[in-house]
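Enquirer: Okay, handing you the structure first.
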Amino acid sequence: MKITVWGCRGSIPAPGPDTVRYGGNTSCYELRSDNGELLILDAGSGLRELGLSLGGKLPQSAHLLVSHTHWDHIMGYPFFSPLYMRGNKLHVMGAPHYDAPFRELMGRQMHYAYFPVRMDDLAADQEFENLREGEHQVGKFKVITRYMNHPVTCLGFRIEVDGRSVVYTGDHEPYYDIVYRQREPANDAERQHKAELEAFAAQQNQAVFEFVRDADLLICDGMFTSAEYEAHVGWGHSAMEYWVETALAANVKRLMISHHDPCRTDAQIDKLLAHFRADLRSRGEKMNLSFAMEGRSLDLAVSEVQAAL
Ligand SMILES: [Zn+2]
Ligand SMILES: [Zn+2]
């Protein structure tokens, strides 16, 4: 399996001289099985570049998994050139929301108020599928979905093919007690309530831990440093330190920190990378750690992973 990063910026595209190396496009990853099947993760602005690289032509089997419909994860869809070519077929999957099926959520951004071409007018054949938590066979790929903690229905994906596994968290914040984080419980009933909330959060965090366990590659939402996170609790994103510790404990082989804050410069990411690598070295940890970089490919072929170990 081969993975190519087409967009790894969070929230909004951030082009410019300070982001030119790690890239300014929002979330989009290309996965290729060894037999050439295409599975795309998220339809951020990086999807436009992926479309250009395909020359407008999709392979016979092409799938798009959308973690959630926040704008930065779908804005590339109307600019995906293969959708304008008759004969192409794209299988598009994502979670429905309480008020609409997934197809409608994707189509709203192409209403005339926002975009000149309606989704139904695209020339390619688009097959939409509502996705919920569970295990799915998507072409050659086994896809396990899990609801993540984000202010909208958001799915994380565990993808297994060719004997390798990749986990993509989408946008996620560790579960926590949202009621008593700011204040102490006032009586026994509230103390009981607090204990229940803490137990639920711990159980959900443990389930996420199991979801990423032993992955060959974990692509995570590490938008904040732990210091920045304190001022952004409830925004639906994680601190990179949280994922480093989770990935180490869960025996993840490679951790790719992604969904970079739009204000994070290349120089700042270089510095964070050096810091985390030095920390891992000093602790004798062998886990491969990187920050996602637009245009970079990673081959998870068996021999390559063994060499890295
Ligand atoms: Zn996002
Ligand atoms: Zn989001």
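The values are calculated or read from the model by the stated rules, or taken from the named source; none is laboratory data. Note that the structure is predicted; figures quoted are calculated from it, not measured. Neighbour counts run over all protein chains shown; Cβ positions are idealised from the backbone, glycine included. Ligands, DNA and RNA are excluded from the accessible area calculation, which covers all protein heavy atoms including side chains. Shrake-Rupley method; radii C 1.70, N 1.55, O 1.52, S 1.80 Å.
Enquirer: Among Arg9, Arg32, which is the only one that is closer than 22 Å to Ser165 by Cα and basic (Lys, Arg)?
Expert: Arg32
Enquirer: Please determine whether any residue of segment 280-293 is surrounded by 14 or more Cβ atoms within 10 Å (Cβ to Cβ), among the aromatic types (Phe, Trp, Tyr), touching an Asp or Glu at 6+ places or on another chain (Cβ under 8 Å) and in contact (Cβ under 8 Å) with a residue 40 or more places away in the chain.
Expert: No - not one qualifying residue is present in segment 280-293.
Enquirer: Could you tell me which residue of segment 32-64 is most open to solvent (accessible area, probe 1.4 Å), considering only residues that are outside any strand (DSSP E or B) and hydrophobic (A, V, I, L, M, F, W, C)?
Expert: Leu52
Enquirer: Are there any pairs with C-beta distances below 6 angstrom linking a residue in segment 162-189 that is over 20 Å from Glu245 (Cα atoms) to a residue that is hydroxyl-bearing (Ser, Thr, Tyr), with the two at least 6 apart or on different chains, and if so which?
Expert: Asp162/Ser33
Enquirer: Just to check your reading of the model, which residue among Leu217, Leu122, Leu155 is free of Cβ contacts under 8 Å to residues at least 40 places away in the same chain, within 30 Å of Arg32 (Cβ to Cβ) and surrounded by 20 or more Cβ atoms within 10 Å (Cβ to Cβ)?
Expert: Leu122
Enquirer: Any chance you could count how many residues in segment 65-81 are open to solvent by less than 10 Å² (accessible area, probe 1.4 Å) and either within 21 Å of Lys140 (Cα to Cα) or of a type in the set (S, T, N, Q) (or both)?
Expert: Adding up the residues that qualify gives 3.
Enquirer: Quick one: in segment 10-31, which of the residues that are of a type outside the set (Val, Ile, Thr), away from ligand 1 (no atom under 13 Å from the Cβ) and part of a loop (DSSP other than H, G, I, E, B) is surrounded by the fewest Cβ atoms within 10 Å (Cβ to Cβ)?
Expert: Pro17
Enquirer: While we're here: What number goes with the only condition from (1) closer than 20 Å to Ala250 by Cα; (2) buried (at least 20 other Cβ atoms within 10 Å of the Cβ) that Met223 does not pass?
Expert: (1)
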